[in-house]
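These notes concern the structure reproduced below.
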Amino acid sequence: MTASAPPLDLTDPAVVADPYAAFAAARTVAPVQWHEGLGLWLAFTHAEANAVLRDRRLGRIWRDKEPAERFGSFNLIHRNAILEMEPPDHTRLRRLISTAFARGHVERLRPWVEDLAGRLVDGLVERSGGTEPVDVLSGMAEQLPVDVIAELLGVPATDRPLLRPWSNAIVKMYEYGRTAAVEDAAERAAAEFVAYLRELAADRRRSPGEDLLSHLVAVRDAEGDRLTEDELVTTCILLLNAGHEATVNVSGNGLLALLQHPDQLRRLREDRTLLPTAIEELMRFDSPLQLFERTATEDVGIGGITAPAGSKIAALLGSANHDPAVFASPETLDVGRTDNPHISFGAGIHFCIGAPLARVELQASFGALLERTSSLELGAEPHRRPEFVIRGLADLPVVLTPA
Ligand code: HEM
């Protein structure tokens, strides 16, 4: 292996606050670099990060966390997750769930999502009244995606407040430099989530509804070889978690980026037809998911290095999205950017199943914010969550003036 200088400390608060300068510096050194502290290769450029996600010799190879008795539930909901699988299991599960999230199906939800976004923004505008800063993150960005995915799956409204704390605790396991307390909390949340979903699935078995969970239960019971009970529970948990974690943070990071670039916010206000390109640009500019790992199943030459069989390599999505080899003026926020092959939704066989749904949610949220206000101003300096991999805010105080 060739060793390079440690490119960046992903737990350094300065890097978490703004990783993009560090990415730019690293890209000038080499496209793929060994990180001694993390014990993996990091792909910084668009070409190499994209290749990491697409190269079939680089797989999602799940290894149970040790000791097994301490991480029983956490391991269960990853071992059986489509995101951690390779074909043919991946293909079997992906076929089962992808129809539910296909563009045509999702488009039918648009009016319902727009109505929800409108009501949430009206509530915020009323509380703010053009003077008071209100937290758009808890008042809208977190609520909308949770409500949408919970409604689709068929999680009763009274249980929905349980979902985000469970998900938050579980996804902290994807960060580097975790404490034992964080690991224990993740296992506890996984155990509670699994127990909850088993119960809910049993309930749908007794009295089916129109929701996706009832549909999956029916598939499971009719054709057990297509979906095991653990896969059923895991799929629901993955959809519930993946179905909101990133969308929440695109709303937060994206709105903050617009508030910090008032010229672009004004441009979007004056020309709403830019909304679709603006959403893609917000996803590129400050990606909510920064890093995804793969494992080499054989020696793989990539970006001038050879990743030996068994070694890990990670795609840095945010760095790829700021690569000047692909994006003109990558540090400039341009809501009208049309040539925008960002990889915030991934690439290859694991490309995000929820992308059409996320786009509908984000267009509805930002659309409602623009339509129902005459001005949006940062009310106070927001707080950032301390994690690197899942990049987002802890709050976003905004003053909203009614339209
Ligand atoms: C803006 C919001 C979102 C972003 C940025 C995002 C991003 C991603 C990325 C980067 C991957 C690929 C991970 C990898 O290659 O290892 C992925 C996979 C996935 N996403 Fe999303 N996602 C978003 C919203 C959603 C939503 C709303 C759903 C709900 C249905 C969802 C469900 C999934 C699933 C099930 C996978 C796994 C697909 C597979 O393994 O084949 N995502 N997402």
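The values are calculated or read from the model by the stated rules, or taken from the named source; none is laboratory data. Treat the numbers as computed from the prediction; the structure is a model and nothing was measured. Cβ placement follows ideal geometry from the backbone for every residue including glycine, while neighbour counts extend to all protein chains displayed. We work out accessible area using only protein heavy atoms, side chains counted, and drop any ligands, DNA or RNA first. Shrake-Rupley method; radii C 1.70, N 1.55, O 1.52, S 1.80 Å.
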For this session: Looking only at the range 354-363, decide whether some residue is within 16 Å of V136 (Cβ to Cβ) and in contact (Cβ under 8 Å) with a residue 12 or more places away in the chain.
Result: yes
Seminar exercise, completed: Out of (1) under 19 Å from N249 (Cβ atoms); (2) charged (D, E, K, R); (3) touching a residue at least 24 places away in the same chain (Cβ under 8 Å), the one R160 does not meet is (3)
Exercise. T295: in contact with a Lys or Arg (Cβ under 6 Å, 6 or more places away or on another chain) and polar (S, T, N, Q), yes or no?
Worked result: yes
Problem set entry | Residue list for the range 34-60, restricted to those being open to solvent by less than 60 Å² (accessible area, probe 1.4 Å) and either part of a loop (DSSP other than H, G, I, E, B) or without any contact (Cβ under 8 Å) to a residue 40 or more places away in the chain (or both) | H35, L38, G39, F44, T45, D55, R60
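Here are G367, G354: which of them is under 25 Å from A102 (Cβ atoms), open to solvent by 10 Å² or more (accessible area, probe 1.4 Å), of a type in the set (G, A, S) and within 13 Å of the ligand (Cβ to nearest atom)?
Working: G367 fails: within 13 Å of the ligand (Cβ to nearest atom).
Sole residue among the options that is under 25 Å from A102 (Cβ atoms), open to solvent by 10 Å² or more (accessible area, probe 1.4 Å), of a type in the set (G, A, S) and within 13 Å of the ligand (Cβ to nearest atom): G354.
Can you tell me which of S214, S251, S207 is small (G, A, S), under 26 Å from the mean Cα position of the chain (by Cα) and farther than 20 Å from F345 by Cβ? Outline the logic, then answer.
Working: S251 fails: farther than 20 Å from F345 by Cβ; S207 fails: under 26 Å from the mean Cα position of the chain (by Cα).
Criteria check complete, one pass: S214.
Here are some residues: F345, F388. Which one is away from the ligand (no atom under 11 Å from the Cβ), over 30 Å from T401 (Cβ atoms), assigned to a loop (DSSP other than H, G, I, E, B) and open to solvent by less than 30 Å² (accessible area, probe 1.4 Å)?
On the way: F345 fails: away from the ligand (no atom under 11 Å from the Cβ).
The conditions single out F388.
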